[in-house]
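S.K.: Got a structure for you, written out below as structure tokens; questions coming shortly.
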Amino acid sequence: MSVRALLFSAALVAAWSLPAGNAMAESALQQSGALPHGGTYVIDPDTTVASAAIALWFRAPGAGYDDSTPGIAELAATAAAVAPLASGKSLFALVHSVGGELNVEVYPDIVGIATVVPASASRRVVAAITAAYYAPSVDDVAVKTARANAAVLGVQQRYEADATLHDLLFKQIFASGPAHYSPLPVSVAEITSISTAQIGAFAKRAFRSENSFLALSGNVDASSLTAVTDGGGPGRMDPPYDSTVAPSPASTTTSALIGGIGLAWIGPPITDEKASTALDFIADYLFREETGVVTRQLDQSASDAAVVGQFITLHDPGVMVVTIGGDHAGEVRDRVLGALSAMRTPMDAQTFNAAREAFLYHVASDTQTPQERADNLGWYDVEGDPGYAPGIADGTYGRSVRSLDPAYVADVVKHYLATPVVVNMQAKESSQ
């Protein structure tokens, strides 16, 4: 499933796990097609709620088109959100004024702009979000805000073991390409070295209408699409920005503000839906909060260790990541590897069937809100398999879950989850 989101900092709100085609229309409720000025869309209506999730997604390399400016996508996406529109009000200001929420979600290969607003404001927000990105006007003031936001996020991330380990693991796995770099600039020098002109040029190239996917979920209908007046015209979305896997990904030890251990394995591409689903199932069975086998064991032992495990579905390849924070991380690592080793033997039918039904329930519960559905629709579309998005009625994801059996899952563990890439992150000693 999808990777962590890089959100606006709390200060900015208050003042670091997918073109749409006919497969997206498999649900009787959903509608999909081409936007009049370029790009594609899906409408996923639910009239039982009072809110609307409006998300705009792009294929764009987080480190720039030549991988020389790590963080430029994050700066460009934030600057476009806070730059004044023709009305004099920015997208962020509009969303805030109606009581909504705006998240900028930047990953190595894609960018998502996610909003949740009252349904009555959906048409205005569709107009504003497409104007902000299809015709970006990035100025020095907007870039200053984006830099400040990136600096805050960077400090926060340095104190988050999961986010820091995630980026370090990707750096080891991928020798080159956008996934080799953190989506966030890692230093103030990197933040300030990228000029307004560079950010503006990137925004105009990355945020073209034809390179976009617009997802509307919740209390929405097709009438909002007429509010889209910007765009460069018909065209094709950029090809996926895949990264090059290192010939022999190596483990490493590094120092950081906090300690932790990260484990990662190279998985299948998104087109291998069954294997990808099996890895999602394994992550859910072992590491889901409160119910995962490993998670429950740690809870019962009163350990303060925090374990996060997920298969990150990417165009090619996906990556299985497990991060461990807290005390006794080495013992927890051994517990994780032991649990995975045990899964090399097929589960008994009763245990497996119960775990598969629990997984189906978890998928359903994780795709209930308009925001969750819009995020899934956007992610799976720009990563290359829109019909595979979890939560689509009669979509391929549910069928893939039901096709799993104990022997197949055990084979997936043997094939993909043998020897991990390991990052040992040691906390720096205090100078005080």
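S.K.: Taking the condition of being of a type in the set (Asp, Glu) and outside any helix (DSSP H, G or I), how many residues in region 267-284 meet it?
M.R.: Looking only at that region, the number is 1.
S.K.: Please verify whether region 320-337 includes one or more residues that are hydroxyl-bearing (Ser, Thr, Tyr) and part of a helix (DSSP H, G or I).
M.R.: no
S.K.: Restricting to region 145-188, count the residues that are more than 18 Å from residue 316 (Cβ to Cβ), modelled with pLDDT of 90 or more, of a type in the set (A, V, I, L, M, F, W, C) and open to solvent by 10 Å² or more (accessible area, probe 1.4 Å).
M.R.: Residues in region 145-188 being more than 18 Å from residue 316 (Cβ to Cβ), modelled with pLDDT of 90 or more, of a type in the set (A, V, I, L, M, F, W, C) and open to solvent by 10 Å² or more (accessible area, probe 1.4 Å): 7 in total.
S.K.: Can I ask one more? Could you tell me how many of the residues in region 67-90 are part of a loop (DSSP other than H, G, I, E, B) and either of a type in the set (S, T, N, Q) or under 22 Å from the mean Cα position of the chain (by Cα) (or both)?
M.R.: Going through region 67-90, the residues part of a loop (DSSP other than H, G, I, E, B) turn out to be 67-71, 83, 85-89.
Filter once more, so that each one left must be either of a type in the set (S, T, N, Q) or under 22 Å from the mean Cα position of the chain (by Cα) (or both): 67-71, 87.
So the count comes out to 6.
S.K.: Identify all residues within region 377-394 that are open to solvent by less than 10 Å² (accessible area, probe 1.4 Å) and touching a helix residue (DSSP H, G or I) at 6+ places or on another chain (Cβ under 6 Å); write none if there are none.
M.R.: Within region 377-394, 380, 387, 388, 389, 390 meet the criteria.
S.K.: Let me ask another. From (1) more than 23 Å from residue 55 (Cβ to Cβ); (2) modelled with pLDDT under 95; (3) not in a strand (DSSP E or B), pick out the condition that doesn't hold for residue 291.
M.R.: Condition not satisfied by residue 291: (2).
S.K.: Test of understanding: among 225, 216, which residue is over 19 Å from residue 108 (Cβ atoms), surrounded by 20 or more Cβ atoms within 10 Å (Cβ to Cβ) and modelled with pLDDT of 95 or more?
M.R.: 216
S.K.: Can I ask one more? Given the conditions (1) modelled with pLDDT of 95 or more; (2) buried (at least 22 other Cβ atoms within 10 Å of the Cβ), and given that residue 34 satisfies all but one, which numbered condition is not satisfied?
M.R.: Among (1) modelled with pLDDT of 95 or more; (2) buried (at least 22 other Cβ atoms within 10 Å of the Cβ), residue 34 violates only (2).
S.K.: State which residue is nearest to residue 254 (Cα to Cα) when the search covers only region 385-432 and only residues that are in contact with a strand residue (DSSP E or B) (Cβ under 8 Å, 6 or more places away or on another chain) and among the hydrophobic types (A, V, I, L, M, F, W, C).
M.R.: Per the criteria, the residue is 425.
S.K.: Working carefully through the options 46, 67, find the one that is within 30 Å of residue 194 (Cα to Cα) and either at pLDDT below 95 or surrounded by fewer than 23 Cβ atoms within 10 Å (Cβ to Cβ) (or both).
M.R.: 67
S.K.: Do you know which residues across region 189-204 are crowded, with 20+ Cβ neighbours inside 10 Å and in contact with a Lys or Arg (Cβ under 9 Å, 6 or more places away or on another chain)?
M.R.: Filtering region 189-204 down to residues crowded, with 20+ Cβ neighbours inside 10 Å leaves 191, 194, 199-200, 202-203.
Listed by number, the residues that qualify are 191, 194.
S.K.: Let me ask something else about it. Output the residues belonging to region 306-334 that are over 28 Å from residue 390 (Cβ atoms) and open to solvent by 20 Å² or more (accessible area, probe 1.4 Å).
M.R.: Of everything in region 306-334, those that are over 28 Å from residue 390 (Cβ atoms) and open to solvent by 20 Å² or more (accessible area, probe 1.4 Å) turn out to be 326, 327, 328, 330, 331, 333, 334.
S.K.: Does residue 129 satisfy the condition of being surrounded by 24 or more Cβ atoms within 10 Å (Cβ to Cβ), closer than 27 Å to residue 381 by Cβ and aliphatic (A, V, I, L, M)?
M.R.: yes
S.K.: Okay, moving on. Applying the selection to region 360-375, what residues are farther than 22 Å from residue 118 by Cβ and of a type outside the set (Ser, Thr, Tyr)?
M.R.: Taking region 360-375 as the starting set, the residues that turn out to be farther than 22 Å from residue 118 by Cβ are 360-366.
360, 362, 363, 364, 366 - these are the residues of region 360-375 that are farther than 22 Å from residue 118 by Cβ and of a type outside the set (Ser, Thr, Tyr).
S.K.: Sort through 354, 302, 342 and tell me the only one that's surrounded by fewer than 14 Cβ atoms within 10 Å (Cβ to Cβ), under 22 Å from residue 258 (Cα atoms) and out of contact with any strand residue (DSSP E or B) (no Cβ under 6 Å at 6 or more places or on another chain).
M.R.: Answer to the check: 302.
S.K.: Across region 228-245, what is the number of residues that are open to solvent by less than 20 Å² (accessible area, probe 1.4 Å) and hydrophobic (A, V, I, L, M, F, W, C)?
M.R.: 1
S.K.: Working carefully through the options 302, 354, find the one that is in a helix (DSSP H, G or I) and hydrophobic (A, V, I, L, M, F, W, C).
M.R.: Answer to the check: 354.
S.K.: Shifting gears a bit: Read through the list (1) closer than 20 Å to residue 218 by Cα; (2) surrounded by 23 or more Cβ atoms within 10 Å (Cβ to Cβ); (3) modelled with pLDDT of 95 or more, then give the number of the only condition that residue 99 fails.
M.R.: It is condition (2) that residue 99 fails.
S.K.: For region 105-113, indicate whether the set of residues that are part of a helix (DSSP H, G or I) and crowded, with 24+ Cβ neighbours inside 10 Å is non-empty.
M.R.: Within region 105-113, not a single residue is part of a helix (DSSP H, G or I) and crowded, with 24+ Cβ neighbours inside 10 Å.
S.K.: Of the residues that sit in region 259-277 and are more than 19 Å from the chain's Cα centre (by Cα) and either aliphatic (A, V, I, L, M) or closer than 21 Å to residue 425 by Cα (or both), which one is most open to solvent (accessible area, probe 1.4 Å)?
M.R.: For region 259-277, the residue satisfying everything is 259.
S.K.: Among the residues that make up region 283-298, is at least one of them under 30 Å from residue 32 (Cα atoms) and either buried (at least 23 other Cβ atoms within 10 Å of the Cβ) or within 18 Å of the chain's Cα centre (by Cα) (or both)?
M.R.: Filtering region 283-298 down to residues under 30 Å from residue 32 (Cα atoms) leaves none.
No, because not a single residue in region 283-298 is under 30 Å from residue 32 (Cα atoms) and either buried (at least 23 other Cβ atoms within 10 Å of the Cβ) or within 18 Å of the chain's Cα centre (by Cα) (or both).
The values are calculated or read from the model by the stated rules, or taken from the named source; none is laboratory data. Everything numeric here is computed off the predicted structure, so don't read it as measured data. Positions of Cβ are generated from backbone atoms using ideal geometry, with glycine treated the same way; all protein chains shown enter the neighbour counts. Please note that ligands, DNA and RNA were not included when accessible areas were found on the heavy atoms of the full protein model with its side chains. Shrake-Rupley method; radii C 1.70, N 1.55, O 1.52, S 1.80 Å.
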